[in-house]
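Nothing in this text is a laboratory measurement; each read-out follows from the coordinates by a stated rule. These figures come from a predicted structure and were not determined experimentally. Neighbour counts run over all protein chains shown; Cβ positions are idealised from the backbone, glycine included.
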Amino acid sequence: MTEERTTRKSPSEVAGDPVDPTVAVELIEWLAGDECYDLDEATLAEGLGQCLCAAGLPLDRLTLHFRTLHPEYLGRSVAWSPGESVEVLDRERGIETTPGFSDSPLRRVMNTREALTVRLHGSVEPTWVHTDLYRGRGLKEFIFVPLCGADGLVSAASFSTTRASGFTSSVRAVLERIIPALRNACELRTLRRAELTLLNTYVGATTARRVMAGHIRRGEIEAFEAALLLCDLRGFTDLSNRLPGSRVLELLDSYFDRILPAITREGGEVIKFMGDAVLAFFHHESSAASCSAALRGALGALDSLARFTAPDADLDAGIALHYGEAGYGNIGSGHRLDFTLIGRDVNLVSRIQSVCSSTGCPLLMSKRFATLLDLRTVIPVGRHDLRGFAEQVELYSVPAASRYTQKP
């Protein structure tokens, strides 16, 4: 097996059937025009592939590789072939070290920021040809090009053909001319996705939508009613004093990996991480539905924590539930703001959680929350003094929580 690798070739270097050079102008205008502007990654690849084929280019496989800023994914690959559905593949972090990618031309192009042409000869093919992008397609020549964004992220594109003679000089010239316009089109989509991903990651989907809708001024507070959930890790101070910092962070991640899915699975939105505590709200079609979802999320979180095992630590939590009104919006100073929940009911759920810590009860709820559920399904646990509240507050739990009872 022999691979011929070169950087970009000038039109005079390769002979072949000519392609009208005005095609490049038409493609550039399409990439920069209104029709292309609103397309997502998949329809961009489909539209570009169809345009290239209609212009007479012998294109049998087009792939676009979008780098992104995401805590779990390195990027997204979009692949198009004539007469086939577009494939969209989200690439998890770590793929860059796997066989078929670590030594691939795609990775080399993204690292060196230089274009690369690969032509295959013989029956033995390199590992990367057998990845999900190219496997079983009989492709003979590949042109890989970097798409370098202004923010430092490097995306890429590949153009492949089954023709044994590869791409002609005029085809290469057309591709070379459209690359800057393709880079701009891909960078626009990368920035759109990164913008929303970062907001979703750090402030949550609901808050992200509010920010994108322009609710970014200090003092813009919306009052609404919701089921509130506050979950706090038990014994965090002991863990911090007893274990190395790196191990504490590992345990925190394991803790959050069990709490957050249980909340989001029931339609809850995590609004705040407060050290080892999680504040979330459930805002469903009715108050009863919100409370039912919050209770399911709380029990799911406790059940997931109960199944965690480690030789050096147990993960126990206390969860407080309350239904009430919260102020939702921006607080802060000047250009440094934070979206949060504030109000008497937010303070109340925090004080209820402190009773979880002092009594060892893993789940407690206010009377209003219990009433909205169904008093027949809850059990009273007495009246308690709560710091900052003049009168004692009656608290409740549910029989299902008793299996998770902890030492105070």
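The sum of -39500 (n - 2.57) across all DSSP H runs of n ≥ 4, divided by the residue count of the chain, sets its helix-only mean residue ellipticity at 222 nm to -12000 deg cm²/dmol.
Applying 1/(1 + (r/R0)^6) with r as the Cβ-Cβ distance of residue 264 and residue 223 and R0 = 25 angstrom yields a FRET efficiency of 0.55.
Sorted on the mean count of surrounding Cβ atoms within 10 Å across their residues, most packed first, peptides 386-394, 317-325 read 317-325, 386-394.
Treating r as the C-beta distance of residue 288 and residue 32 and R0 as 35 Å, the FRET efficiency rounds to 0.10. Shape of region 2-202 from the C-alpha gyration tensor: oblate (a/c of 1.5 or more and a/b not above b/c, with a ≥ b ≥ c the square roots of its eigenvalues). Take the Cα of residue 253, step 7 Å along the line toward its Cβ, and report every residue of region 92-133 whose backbone nitrogen sits under 16 Å from that point. Once the point is set 7 Å along Cα→Cβ of residue 253, 92-95 turn out to lie under 16 Å by backbone N, inside region 92-133. Tell me, what is the percent relative contact order of the chain, built from C-alpha pairs under 8 Å that lie six or more residues apart? This gives 13 percent for the chain.
Considering only 43, 240, 353, the residue lying farthest towards the positive end of the dipole of the chain is 240, judged by Cα position with unit charges set on Cβ. Peptides 73-84, 201-212, ordered by how many other C-beta atoms sit within 10 Å of their residues on average, highest first, read 73-84, 201-212.
By DSSP, the beta bridges lying fully in region 259-408 are antiparallel in about 85 percent of cases. Spacing of the modelled spin labels on residue 113 and residue 43, each 7 Å from Cα toward Cβ, amounts to 3.3 nm. Think of each Lys and Arg Cβ as +1 and each Asp and Glu Cβ as -1; about the Cα centre, that makes the dipole of the chain roughly 800 debye.
Got the relative contact order for region 2-202 handy, in percent, Cα pairs under 8 Å and 6 or more residues apart? Walk me through the numbers before you get to the answer.
Numbers: 345 pairs, mean separation 60.1, N = 201.
About 30 percent, as a whole number.
Once volume of the Cα convex hull per residue in Å³ is worked out from the coordinates, which option in [x] 153; [y] 193; [z] 132 does it equal? So the calculated entry is the one marked [y].
Karplus-based coupling profile of region 141-154, in residue order and whole Hz: 9, 10, 10, 9, 10, x, 10, 8, x, 5, 8, x, 6, 10, with θ = phi - 60° in 6.51 cos²θ - 1.76 cosθ + 1.60 and x standing for Gly or Pro. When the square roots of the Cα gyration tensor eigenvalues are ordered a ≥ b ≥ c, the ratio a/c for region 30-133 is 1.5 or more and a/b does not exceed b/c, which makes its shape oblate. Between residue 331 and residue 392, the C-beta separation translates, for a Förster distance of 25 Å, into a calculated FRET efficiency of about 0.25.
Label region 251-408 by shape, choosing from rounded, prolate and oblate, from the square roots a ≥ b ≥ c of the eigenvalues of the Cα gyration tensor; if a/c is under 1.5 it is rounded, and otherwise prolate applies when a/b is larger than b/c, oblate when it is not. Here region 251-408 falls in the rounded category.
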